[in-house]
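Colleague: A single structure is presented below for examination.
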Amino acid sequence: MRVANVPMVSELRKLGVLRERFHRKLKQEMKSKDIEIDDLKEKLKMATLSIFVSFEDPSVGVLSASTLQWRCRINPTSYFPANPSSRVHPLVIAAHPSNPNQFTLGLNDGAVIVLEQLEIEGKWGTLPPTENGAGPSTSGAANSDQH
């Protein structure tokens, strides 16, 4: 029978313990990174996937961010009082950072209006009419009164 080198065996055991600690720590960090990645994926899903534009009439258009296709045009009568000043129009449009169904209009008279789509499905109204296949109509009638 061979006699084991006691100092060598002791060092090998220490290396084994260090290896186990390293693997446990690595697994913990990987789980933490997986959670971070899942959180980022969820935030991306919730990110605003629309582009909002305003027009002189002063309606607001909603476009798909990925395709720039029209989702709808929001008639100003759905967010203005009954007799708005003809000079009042949106200056700033800001999407809610975590609610893709909500955005805010900052008007040139200082008013702020928060709009939220009513549909649970996550679709914005109906498509606006086109004139010669290019963009929304500038007539007073818009297809979506949704806000």
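FYI, it's all coordinate maths here, none of it is from the lab. The model shown is predicted, which means the values in this text are computed figures rather than measured ones. Glycine also receives a Cβ, built like all others from the backbone with ideal geometry; neighbour counts cover every protein chain displayed.
Colleague: Give me the one-decimal nm value for the distance between modelled label points at GLU36 and ALA94, 7 Å along each residue's Cα-to-Cβ direction.
Modeller: It works out to 2.9 nm between the two label points.
Colleague: Calculate the spin-label point distance for ASN101 paired with LEU26, positioning each point 7 Å from the Cα along the beta-carbon direction, and give it in nanometres.
Modeller: Calculated label separation equals 4.5 nm.
Colleague: I need the phi-derived Karplus couplings for the range 110-115: 6.51 cos²θ - 1.76 cosθ + 1.60, θ = phi - 60°, integer Hz, Gly and Pro marked x.
Modeller: With the stated coefficients, the range 110-115 comes to x, 6, 10, 10, 9, 10 Hz.
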